[in-house]
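Here is the structure we will look at.
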Amino acid sequence: MGIKYKFIGLLFLLIVVTTSFNCHKICIGTKSVYSFDIGIKAFPDKDSMKVGDTLHLIVNSPVRLMDQRTNTEVNYKGAVNLGTVISFARLIDTNNAKVATGNFNYELKIGETVKNANGDKFKEYLFEEIDQTYQFNLAIVPQKVGVYKLFVSNAANVFRKNDKCTKAGFDINFKNTDQHLYYNKIIAPNMTIPLGEGVYMFKVY
């Protein structure tokens, strides 16, 4: 009798371990299945502003998104780690720019702040899901004069609460916004930056 129960226990343990291993293996080996593009907007959209003025970065995207790989609509509701990392550089002269994320004050209106080990260089945030939309609103107040280049990162390996194995990549690009890319000639006179990427430039006086 003891041998029989011991065998059943061993078999149960083997099933549990095998199932756990297979699930873990599937998640580890899974690459991004979906590729989405969502817009971010700068408001007010001006090429210059005063010290103490406020610039808002705004995201308002439906949870139903078009997969860029298959051109089909996907309901990607319930994303856990969808967000972006923001940083600034101050443009000085040719090939000369300095990290300037500390030259601004930040007030998060919608979203969640994520602690970052390099908080003096990078500000990390998660978007908030509200009424079938992903939303984000960050107020940025410049404290020092200069010409600045703002970087907004894409989001990789985004998963949902009910499906941690199926990942998605999000391109987060400026839309319906004049990015004032001509300022980039201060550091790179012969370089042209494509429109619609995660870069925004402005002058503070």
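The values are calculated or read from the model by the stated rules, or taken from the named source; none is laboratory data. None of the values given here were measured: they were computed from a predicted structure. Heads up, the Cβs are rebuilt from the backbone with ideal geometry, glycines too, and the neighbour counts pull from every protein chain shown.
The table below lists the values:
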{"item": "Residue within region 75-87 that is touching a Lys or Arg at 6+ places or on another chain (Cβ under 8 Å), surrounded by 14 or more Cβ atoms within 10 Å (Cβ to Cβ) and either among the charged types (D, E, K, R) or outside the structural domain of E197 (by TED's automatic domain parsing) (or both) present", "result": "yes"}
{"item": "Subset of region 122-133 (residues that are surrounded by 15 or more Cβ atoms within 10 Å (Cβ to Cβ) and either part of a loop (DSSP other than H, G, I, E, B) or at pLDDT below 95 (or both))", "result": "F122, F127"}
{"item": "Tally of residues being part of a strand (DSSP E or B) and hydrophobic (A, V, I, L, M, F, W, C) across region 171-205", "result": "6"}
{"item": "Hits in region 158-181 (condition: under 14 Å from V59 (Cβ atoms) and either of a type outside the set (V, I, T) or not assigned by TED's automatic domain parsing to the domain that holds A42 (or both))", "result": "F170, D171, N173, F174, K175, N176"}
{"item": "Region 134-166 - residue that is over 27 Å from A188 (Cβ atoms) and charged (D, E, K, R) and, of those, surrounded by the most Cβ atoms within 10 Å (Cβ to Cβ)", "result": "R160"}
{"item": "Within region 89-121, tally of residues that are under 23 Å from F136 (Cβ atoms) and either over 20 Å from the mean Cα position of the chain (by Cα) or part of a loop (DSSP other than H, G, I, E, B) (or both)", "result": "10"}
{"item": "Residues located in region 156-189, provided they are farther than 18 Å from G78 by Cα and either aromatic (F, W, Y) or in contact with a His (Cβ under 7 Å, 6 or more places away or on another chain) (or both)", "result": "F174, Y182, Y183"}
{"item": "Some residue of region 45-52 being modelled with pLDDT of 95 or more, within 20 Å of the chain's Cα centre (by Cα) and surrounded by 13 or more Cβ atoms within 10 Å (Cβ to Cβ)", "result": "no"}
